[in-house]
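Beneath this line is the structure, given in structure tokens, with notes to follow.
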């Protein structure tokens, strides 16, 4: 039996159905070795892009597509996901193999790509309650190793020239998030978000050496080996670009600063009792692997990361109000938006 990737699958939701016969024809023509018939089911998890499991007698595949309806500019960039995974795979970085990209929206209603199904474990709770206490630190170390490894990849040498601009990452991120926040009036405004936009823009730290950044590196975007503390694949590359690695790591580190809010968090957990490394030790391990002595302006990057997550939840709120939010957990995330924005603002006061 397959493991429950993304907490399992279910029949395709009515709002996300498409012409399966037309998809099958396209798969036969574009995915080497694809043999119908195919059973299509939808993964329960995920917020941004609807994701489906395609099962045939000989193999299983995963399809990621853009959602239906009006989309914010630059959002749901499945073409970028496909490109970076296609580049990273041959370099030995753990990603699913990408088989085909379809930019033709007439096939199933929106562009999509098809990748291999990687069987393993996804942990939706960073406290790792399903593991024995003595195994948890090794899984955290594996996670730390992978993000450090990503930030050491020579992006130009693997064909990612032009994938992102190596300078001005934080300014562009702030501008994009601010624009998306302000351009979605249906989702409303938050006073802490408004203050954060002004403060963050005025306090951007100096540029760090540019690397590949994942943009959403969380434990629930990783597939671990079924029995070992080893990452088999990193998922959900929609926000990947060339940018600031400290910012990327701070977004990952944010798990230590938040409680579970629709995304996993460790705040309130007795880390020693749980067998989970402290934030300080986790940062030290990353620095050791990347050759750093410290992470400059970490508090700014953590505040920015909290703001960014709040902005993502703001976008989910807009999609929920329009009826296009992908996950049934959207309401929980929307409720957490004010708490995240307030936490980000408190951190700026300390900075």
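So what is the diffusion coefficient of the chain in µm² per second by Stokes-Einstein at 20 °C and 1.002 mPa s, using a Kirkwood Rh over Cα pairs?
For these conditions, the coefficient is 102 µm²/s.
Does the stretch 75-158 classify as rounded, prolate or oblate by the C-alpha gyration tensor (a ≥ b ≥ c root eigenvalues; a/c under 1.5 gives rounded; else a/b over b/c gives prolate, otherwise oblate)?
Taking the square roots of the gyration eigenvalues as a ≥ b ≥ c, the stretch 75-158 is oblate.
Return one number: the angle in degrees, 0 to 90 and rounded to the nearest 10, between the long axis of the Cα atoms of helix 298-322 and the longest principal axis of the Cα atoms of the chain.
So the helix axis and the longest Cα principal axis differ by about 40 degrees.
Hey, what angle do you get for helix 78-88 against the long axis of the chain, alpha-carbon based, 0 to 90 degrees rounded to 10?
Orientation of helix 78-88: about 80 degrees from the principal axis.
Apply 1/(1 + (r/R0)^6) to the Cβ-Cβ distance of residue 176 and residue 29, taking R0 = 51 Å, and write down the FRET efficiency to the nearest 0.05.
My answer for the efficiency is 0.90.
What residues of the stretch 208-240 lie in the reach of a label at residue 156, counting those whose backbone N is under 20 Å from a point 7 Å from the Cα along Cα→Cβ?
208-214
Sorting check: for 100-107, 83-90, 244-251, which peptide has the highest mean count of neighbouring beta carbons within 10 Å, and how do the rest follow? Don't skip to the answer; put the middle values down first.
Numbers: 100-107: 15.1, 83-90: 19.4, 244-251: 25.5.
So the peptides 100-107, 83-90, 244-251, ranked by packing, come out 244-251, 83-90, 100-107.
Can you give me the relative contact order of the chain as a percent, contacts being Cα pairs under 8 Å and 6 or more apart? Present the calculation step by step, with values, prior to reporting the outcome.
Values: 591 pairs, mean separation 63.8, N = 351.
Contact order relative to length: 18 percent.
Under Stokes-Einstein, with the Kirkwood radius over Cα pairs standing in for Rh, what whole-number D in µm²/s applies to the stretch 216-351 at 25 °C and 0.890 mPa s?
Answer, rounded: 151 µm²/s.
So what does the Cα-only Debye profile of the stretch 149-215 read at q = 0.28 Å⁻¹, as log10 I(q)/I(0), no solvent term?
Relative scattering, expressed as log10 I(q)/I(0), comes to -1.25.
For the Cα atoms of the chain, what angle does the longest principal axis make with the long axis of helix 20-30, in degrees from 0 to 90, nearest 10?
In the chain, helix 20-30 runs at an angle near 90 degrees to the longest axis.
In what sequence do 21, 81 fall when counting other Cβ within 10 Å, fewest first?
Ascending Cβ contact count within 10 Å gives the list 21, 81.
Would you mind calculating the gained length between residue 106 and residue 198 on full extension (0.36 nm times residue separation, minus the Cα-Cα distance), in nm to one decimal?
So the extension gain works out to 28.9 nm.
Taking 25 Å as R0, compute the FRET efficiency from the Cβ-Cβ separation of residue 209 and residue 293 and round it to 0.05.
Numbers: r = 14 Å, r/R0 = 0.57.
E(calc), rounded to 0.05, equals 0.95.
Counting pairs of alpha carbon atoms under 8 Å apart in space and at least six apart in sequence, what relative contact order in percent does the stretch 5-116 give?
24 percent
What whole-number volume per residue, in cubic angstrom, does the convex hull of the C-alpha atoms of the stretch 118-172 give?
150 Å³
Quick one: grab the alpha carbon gyration tensor of the stretch 5-116, order the square roots of its eigenvalues as a ≥ b ≥ c, and give me rounded if a/c is under 1.5, else prolate or oblate depending on whether a/b is larger than b/c.
Since a/c stays below 1.5, the shape of the stretch 5-116 is classed as rounded.
Bear in mind that the values in this text are calculations on the coordinates, not laboratory data. What you are looking at is a predicted structure, and each value in this text was computed from that prediction instead of being measured. Every residue, glycine as well, gets a Cβ built from its backbone with ideal geometry; the counts of neighbours run over all protein chains shown.
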